[in-house]
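The values are calculated or read from the model by the stated rules, or taken from the named source; none is laboratory data. What you see is a predicted model; the values in this text were computed from it and never measured. We place every Cβ from the backbone using ideal geometry, glycine too, and count neighbours over all the protein chains shown.
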Amino acid sequence: MILARVEGSVIATKKNAKMTGHKFLVVRPLVIDSPEAVAFKSGASTLVAIDSLGAGEGDVVLVVQGSSARLAADDKDSPVDAVVIGIVDQVDIAKRQVFRAN
Amino acid sequence: MILARVEGSVIATKKNAKMTGHKFLVVRPLVIDSPEAVAFKSGASTLVAIDSLGAGEGDVVLVVQGSSARLAADDKDSPVDAVVIGIVDQVDIAKRQVFRAN
Amino acid sequence: MILARVEGSVIATKKNAKMTGHKFLVVRPLVIDSPEAVAFKSGASTLVAIDSLGAGEGDVVLVVQGSSARLAADDKDSPVDAVVIGIVDQVDIAKRQVFRAN
Amino acid sequence: MILARVEGSVIATKKNAKMTGHKFLVVRPLVIDSPEAVAFKSGASTLVAIDSLGAGEGDVVLVVQGSSARLAADDKDSPVDAVVIGIVDQVDIAKRQVFRAN
Amino acid sequence: MILARVEGSVIATKKNAKMTGHKFLVVRPLVIDSPEAVAFKSGASTLVAIDSLGAGEGDVVLVVQGSSARLAADDKDSPVDAVVIGIVDQVDIAKRQVFRAN
């Protein structure tokens, strides 16, 4: 899984029939600030993840990728490769709290 | 899933028998312009994705990768690892509209 | 598999029902220091891995990723893509001991 | 799928029994030359792909990766993660022909 | 598959029960020296691969990754994502021999 921040959303009217009803979130992976390892920064890549937990912009979330993402979707036959599996409350690095949800 | 822009197409006459009839699109992943996060730019990699939605050059699309791509193809036994699952109408980042299809 | 160092942990109260009871560790991949190949340094990415072996901060662990991670979890239907499968005692590179657990 | 150029070949006498008879090609992924997007250049990574279509050095090919590669192999139980599924005749980017096989 | 050089080994006493008896090799991917494409150099990443062919330090090997790696292991339920499937005798690039095992 990766930690990612929800940055926005995607609207696609013309889509695969199995994708109807899904909410598409634009998320950016978070990486530990090297080399001090005391804070997060945004990574270089951008993903679109399906959400069923009600995550919103600014939230830090746990995203599962690949075939395991299908097990997190409501329908195991959904052609999805990234799904939000948790909304993060707190992250501790080296016993320091580096993130806490408001 | 990733956001990608359709850049072109590929013709391959000599191919695996299961690939007959597929349309191959050349797509480039889009990433959020760091650190302001208000626009997209093209990523460094290049993919070839199967399309059954009628996407054309210049379109921004949602692409699913890996084993989940097979569930988006018409035939689950197709040896494909990237399929267009949506043609994007609009992308919002930080409540600003950063892309809207013409 | 990759070698990674456990850097911290994640708390997510609101999560996929199948993730209840899992312990989420923040880990950073370790790479061989190029070009001398005699020591490890931390890679640029950050992962969250499930742990059932009792790994703690500072431990070097073996992490399996992708669909194989599910086979390492207690429940094969868990939507996980990274699981700790070993706590590392020793790593030898070019017949030199570059890591030994305390 | 990715576009890649066949650069060479690999001989491995001592191998997994299921790999007997496979032809191993060394291929390099091709990426669109950023930012003009009018030509290809070689990417930084190197793959070894199985070929059953008769691709040779210098050919541009389509390569499928991951679990889908097994569906392109003659034997679905082959432990392969990259297979040539097409020999490319032509690639068009932005309506310009950027590659054509001789 | 990728080409990789065996750099060392990992000892992990505390591990997933399914991993007992596996030999863990530290390997570094090899990439073609760009742009001349006449030699290999070590890539930036580091993997740990399971070996059942008797590969040793300094050997160049073929490594299969992802779910296909399980098909190369003796037990298809092993939680492994990288397995050595061949010990390389020779690599030719652009009709030049760039590697030959001693």
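Before moving on, here are some points about what is shown:
- Residues that are over 15 Å from the mean Cα position of the chain (by Cα) and under 18 Å from D:Lys14 (Cβ atoms) within region E:72-89 comprise just one, E:Asp74.
- A:Ala39 vs. criteria under 17 Å from A:Asp92 (Cα atoms) and in contact with a strand residue (DSSP E or B) (Cβ under 9 Å, 6 or more places away or on another chain): yes
- Restricting attention to region C:12-32, the residues being of a type in the set (Val, Ile, Thr), within 7 Å of chain A (Cβ to nearest Cβ) and more than 17 Å from the chain's Cα centre (by Cα) number 1.
- Complete set of residues in region A:43-102 that are part of a strand (DSSP E or B), within 7 Å of another protein chain (Cβ to nearest Cβ), aliphatic (A, V, I, L, M) and over 13 Å from A:Ala4 (Cα atoms): A:Ile93
- Residues of region E:87-102 that turn out to be under 13 Å from D:Thr46 (Cβ atoms) and either basic (Lys, Arg) or in contact with a Ser or Thr (Cβ under 8 Å, 6 or more places away or on another chain) (or both), as a count: 1
- Among the conditions (1) touching a residue at least 12 places away in the same chain (Cβ under 8 Å); (2) buried (at least 22 other Cβ atoms within 10 Å of the Cβ), the only one that C:Ser68 does not satisfy is (1).
- Restricting attention to region C:31-52, the residues that are within 28 Å of A:Ala72 (Cβ to Cβ), crowded, with 18+ Cβ neighbours inside 10 Å and hydrophobic (A, V, I, L, M, F, W, C) add up to 4.
- Region E:1-42, subset assigned to a loop (DSSP other than H, G, I, E, B) and in contact (Cβ under 8 Å) with a residue 24 or more places away in the chain, residue nearest to C:Gln65 (Cα to Cα): E:Asn16
- Tally, over region A:74-97, of residues that are surrounded by fewer than 21 Cβ atoms within 10 Å (Cβ to Cβ), out of contact with any helix residue (DSSP H, G or I) (no Cβ under 8 Å at 6 or more places or on another chain) and in contact (Cβ under 8 Å) with a residue 12 or more places away in the chain: 5
- For region E:36-47, the condition holds for at least one residue, the condition being that it is modelled with pLDDT of 95 or more and out of contact with any Phe, Trp or Tyr (no Cβ under 9 Å at 6 or more places or on another chain).
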